[in-house]
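To start, the structure itself, in structure tokens.
The values are calculated or read from the model by the stated rules, or taken from the named source; none is laboratory data. On a predicted model such as this, the values are computed, not experimentally measured, just so you know. Every residue, glycine as well, gets a Cβ built from its backbone with ideal geometry; the counts of neighbours run over all protein chains shown. Calculation scope for accessible area: heavy atoms of the full protein, side chains included, ligands and nucleic acids excluded. Shrake-Rupley method; radii C 1.70, N 1.55, O 1.52, S 1.80 Å.
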There are 2 protein chains.
Amino acid sequence: RNVCFEKTPQGIRLYNLYNHWGMLLVTYFFIILDLALAVFEDPALIPLPLWATFLAELICLAVFTGRLVHFAKVIPWQKFWKDTKNICVVLIILLTLVDMLIYGSMKAFGYYGVRWSRVLRPLFLVNITEGRQVRRAFRSIRNTLPEILYVFLLFIFSILIFSLMALKLFGKRKLVTNEGTPYFTSYLDIVFELYVLVTTANSPDVMMPAYNSSFFFALFFILYILINTYIFMYVFLAVVYNNYRKHLKEEMKNLVRAKRHKMVEAFRILQVKHGGEPVVCQSHWNQLVRLVQPDISNSHRELLWSVCDEDKKGFIGKVAFLQLADLLNIQIITLKSHIHPLQTWFPHLYNSHPSRLVCQMVQHKAFVYVYDFIIVVNAVFIGLDEENPLISNAEWAFLVLYMLEILLKLYTYDPRSFFSRHKFWNWFDTIIIIAALVATTVNFALKSSDGYTSRQVLDIVFILRVLRLIRIVDSVKRFRTIINTLIKIGPTIITFGQLIIVVYYIFAVVGMEIFKDKIKFFAPDSTASAQNYCGNPLLKDTAFAQNNYCRNNFNDIVSSFVLLLELTVVNQWHACALLTSGFTTVTHTAARIFFVLFHIVVVIIIMNILVAFILEAFFVEYTLAKSDLQTSVEKKIQELE
Amino acid sequence: RNVCFEKTPQGIRLYNLYNHWGMLLVTYFFIILDLALAVFEDPALIPLPLWATFLAELICLAVFTGRLVHFAKVIPWQKFWKDTKNICVVLIILLTLVDMLIYGSMKAFGYYGVRWSRVLRPLFLVNITEGRQVRRAFRSIRNTLPEILYVFLLFIFSILIFSLMALKLFGKRKLVTNEGTPYFTSYLDIVFELYVLVTTANSPDVMMPAYNSSFFFALFFILYILINTYIFMYVFLAVVYNNYRKHLKEEMKNLVRAKRHKMVEAFRILQVKHGGEPVVCQSHWNQLVRLVQPDISNSHRELLWSVCDEDKKGFIGKVAFLQLADLLNIQIITLKSHIHPLQTWFPHLYNSHPSRLVCQMVQHKAFVYVYDFIIVVNAVFIGLDEENPLISNAEWAFLVLYMLEILLKLYTYDPRSFFSRHKFWNWFDTIIIIAALVATTVNFALKSSDGYTSRQVLDIVFILRVLRLIRIVDSVKRFRTIINTLIKIGPTIITFGQLIIVVYYIFAVVGMEIFKDKIKFFAPDSTASAQNYCGNPLLKDTAFAQNNYCRNNFNDIVSSFVLLLELTVVNQWHACALLTSGFTTVTHTAARIFFVLFHIVVVIIIMNILVAFILEAFFVEYTLAKSDLQTSVEKKIQELE
């Protein structure tokens, strides 16, 4: 880790405390709490009084300040103030305090206030010491911006030119849209319509009037879609992806250089002279390894040493020492062939003939096929109507069968290796089956006690039942490799998830300030007449209200997130255009700016980053060759066997 | 070119004739004619009698047969039958003849016949000798299929599991959609709806009933979109792209190997012994170069020779000889500083002081800025209402200004270099301005003669006026580089265009057979009552008819192509789902299969190939380093200067 800290005993103790997992957990907890405050603040999903949210926020801020002071004690003073992320955190805390003061006093005197500092909250997620990956992603976006900007300007220019052409071609033809409004007569409207066409949301509606009037006008729109939707959007992808790769490579190079530098430093400290050249002897090396990775096994450590010290001289030179960090990163799965506990407890019984037969049966391929078949049958049963008593009783049979499978496997294989860390599917199976058993029992108990079935419990039962079917994927080898690749993408997706939460949160907070309570949602069984126009007379008879979109609103943070996700899935900007039109109707046409900005930031930049992430991860998975070090470790292992 | 031909004088003459550009032109003309026949055949855009289309098709087939016989004469007999593409062409011709015979006789006896062989027509485009690139693309798709298949199966499995879950969760809740039909009660309908959700077309409509009933159900859809729309779709992209790169690399390797093999062969023929080692002397080399590229200039040839023969020995060895093909591929732009013709004709006048001043003025940067400003002003004028006499007269002023610019430039720079092949923008400017001048004059003449303005002429005038504005892009350097990259992608796009035409044509022909005349389009001013339901009572009161989509039909080849393009731009599957629903209403629910198949082929496979094309082209442009040969040529040029 790239942190300089003072090399006094006290400094090291502070540093270790700072990096303690408990401290990290507490920090993340308070960050999430801080972000979650939006649920309780006005406009709230669950309203809480102002003093409660203020108190919670103050506690969060205190924790962040404490963490920052701790960090300041760990690293030298001038280093602390050179780091942008620390300055950011200090600024955010100060601004938040100022905002709380202003808002509090405004409220106290009955004025209307805006909690603008809420926009800054997600930045805590980026600027804490552990947000390294997210910061790297943001840095990569920032570095991509100049290049994107020029392509974007060209893209906008192309839209403007096409709009001008559309105005000249269609403006005077007195065409009408399907709604009866004049078609393509105002330049700004055309620009917006054509921008939406890039997201292909309003196609073919936008071209139908022109297409109906003449065949040749379809050419105009085809050309437009070709150039702006396909070519330009893919050029955006190419630019983002290319820059992402370039910057990633540079960052990696820097990291490797820093690591090398530190290892050289460590070598300088540990070195002893031996025959004129500096070396590190085995005892020092052992001490170091034990310090860095306390949970490493002795045999593992000796294996690594024998890789470094090939000639068994008892000491290693600089080159071999520098490998240490990479060596420690190689995961070695210790496949201990444990003896089954039953064998130690009841050796006679476990080794008897029938017991052996059972084990052989379980290990046989047919066992897997039989259970695959059972899963398929189960799927059919799930598809059938569960009101039928035969079906609902069959469920018990399936549960018993699945339990039996797990027990048989536990009997055959050692429980410790069955539940080892890398056996994802075993864990998955067991948890799902036990949960299903519990849920089904609860459901049955509820039903037989008062004849009433709880929908929530039933939902859980159903979900668990269906999830059980996923297991079949594990039986096909090709599927397994795809799934494994997907699982390996996991960490990247988490980084990306933080990225998107930051962006969503900011847009959600701004959106809530602008659009809150403009559109109201009424429960489907409500009888209020306002239900037909989402509680806003301006929406009377609009497509927004007719499509029953009232729930898509900015009235609380959860609704906002769902709405923004709908907007991200641009493709139905048809709906989105509808959504946008709904919001512009209740406020002002300028509200379009908010939605266009969201589209640019999220779809053009962020989503392309996601594509770059996934493409890169896949290519790495596909082309991953074993490194030299890995091969030499493997060679050693084979020698030892 | 990878063609083996007999090495007799007659064989070479035949081979040269076969590759003559005139012959290629004729072949392509007849292929396009053959494809265009669909415009005139039933269901026709412009109906022609059956004998006319049959005659045209027979002529096309005769031409293709002739071409094939010619090819068979060029290459050895057994080679000819080993080549799949020749066998394909023979088969297609035979099948087409059989089909024509059957269809003709069916028609003659008044039966209903299907011209099924029309599906095969686009394959001519793939299987002619020159369709190398398209064949390569198809081969790459074929090689990608197995890998895609497994991901696709997993994807379908995921949809099935989610559908089952949806059925269990929502089936019993008695929810209703916005149209009042029961929500998510039939398994197959759910599968279809969720498949459409992958294209994100029916979101958020498909989730609104569930979302309205509870917040938590939104989670189900969010998870679904995340997994199936994002992860799986990008995995498809990654798999296609990865395989495309892999196969491209292999094909390139093979090509390079074949080229090397041929050059070694050529060396073997031309070699003479010199001091024990085989060499090629300059005269032979010169002969060869002149034969291969007759239009190469002497100085260019000598430059290349001096690169090969660095030590000026008068002969070159094998290694230097093998470079020849690469050397000839390096484009060298001869920048001859021609003397301006006016200077040779009127030297006194052209060299006079005022004339010099004009030249300096034109070459000054400010000249460019002034014209950029004029273009911006022009854009504003175009945006204004052209009914105003001031504006329409200003148009003449602008035309004069633009003409003046071109004339001034021609006066300053030599016309031959101004119109040289690489000056794209000069050509563009001149053509646009002269066309605009002609069109505006015609328009003015028409108007003043009988006071009547032709809409068509006016359209052309408008388009030309707007196109003039594009010129401003050339003034910004960063834009110019982007545009240049885009222009370089051109050839790849043409290959891709052929690919997509083949696929579209097949789907269009099949679609026409299934859906022709089911949906009728009436001109907007028609008063037929059938207009409200597209001439099909089944469509009465459906969203398809209400949205005025009647023109989206399969009644002729052009409409089919437009419709398929609309379907390709999946994003508005909202509309697309509407389109699909329209077609299923008039036929049968099974028609959905046609549309889903189209989506899989075009969007999942073909469009991802396009992305791969563009990404790869961009990366190549960005990372293109000059090859060794290019540097050595450049060094020589500098030495010579």
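Summary table
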quantity: Against the rule of thumb 2.2 N^0.38 Å, how large the Cα Rg of region B:8-117 comes out; calculated: 1.27
quantity: Residue B:369/residue A:59 FRET efficiency (R0 60 Å; Cβ-Cβ; nearest 0.05); calculated: 0.50
quantity: Cα-Cα P(r), region B:342-446, percent of pairs per 5 Å interval; calculated: 2, 10, 16, 21, 18, 14, 10, 6, 2, 1
quantity: Net charge of neighbours whose Cβ lies under 11 Å from the Cβ of residue B:139, counting Lys and Arg as +1 and Asp and Glu as -1; calculated: +2
quantity: Peptide B:483-491, shielding by other chains (average Cβ, 10 Å cutoff); calculated: 1
quantity: Average other protein chain Cβ within 10 Å of Cβ, residues B:229-239; calculated: 5
quantity: Computed E for residue B:488/residue B:253 - FRET, C-beta separation, R0 25 angstrom, nearest 0.05; calculated: 0.65
quantity: In nm, spacing of pseudo-spin labels at residue A:95 and residue B:149 (7 Å Cα→C-beta vector); calculated: 5.6 nm
quantity: Spatial extent of region B:383-498: Rg and Dmax, with the Cα atoms as the point set, Å; calculated: 17.3, 49
quantity: Rounded FRET efficiency, nearest 0.05, which uses the C-beta distance separating residue B:261 from residue B:69 and R0 of 25 Å; calculated: 0.30
quantity: Dipole of region B:246-300 [Lys/Arg +1, Asp/Glu -1 at C-beta], most positive-end residue of B:275, B:255, B:299; calculated: B:255
quantity: Stokes-Einstein D for region A:347-399, Kirkwood Rh over Cα pairs, 4 °C, 1.567 mPa s (µm²/s); calculated: 97 µm²/s
quantity: Directionally averaged projected area (convex hull, Cα atoms, region A:167-283), nm²; calculated: 13.7 nm²
quantity: Evaluated at q = 0.20 Å⁻¹: base-10 log I(q)/I(0), Debye formula over Cα of region A:223-301; calculated: -0.97
quantity: Bins of 5 Å, starting at 0 and running to the largest distance - Cα pair percent for region A:479-518; calculated: 6, 21, 14, 13, 11, 10, 8, 8, 5, 3
quantity: Rg ratio (alpha-carbon, reference 2.2 N^0.38 Å) - region A:80-216; calculated: 1.70
quantity: Calculated log₁₀ intensity ratio I(q)/I(0) where the Debye formula runs over C-alpha points of region B:26-67, q = 0.24, 0.28 Å⁻¹; calculated: -0.76, -0.93
quantity: Fraction in percent of alpha-carbon pairs per bin - 5 Å, region A:61-106; calculated: 5, 21, 25, 21, 13, 8, 6, 2, 0
quantity: Accessible surface buried once B binds A (1.4 Å probe; total of both sides; Å²); calculated: 8900 Å²
quantity: Relative packing of peptides B:484-491, B:232-239 - highest average C-beta neighbours within 10 Å first; calculated: B:232-239, B:484-491
quantity: Inter-copy separations for residue B:219, label at 7 Å along Cα-Cβ, nm, ascending; calculated: 5.5
quantity: Candidate residues A:505, B:28: accessible-area rank, largest first, probe 1.4 Å; calculated: B:28, A:505
quantity: Solvent-accessible surface (1.4 angstrom probe) belonging to residue A:252, in square angstrom, nearest 10; calculated: 90 Å²
quantity: Accessible surface ranking that places the most exposed of B:563, B:149, B:342 first, with a 1.4 angstrom probe; calculated: B:149, B:342, B:563
quantity: Test item: B:211-219 mean partner chain Cβ contacts at 10 Å; calculated: 4
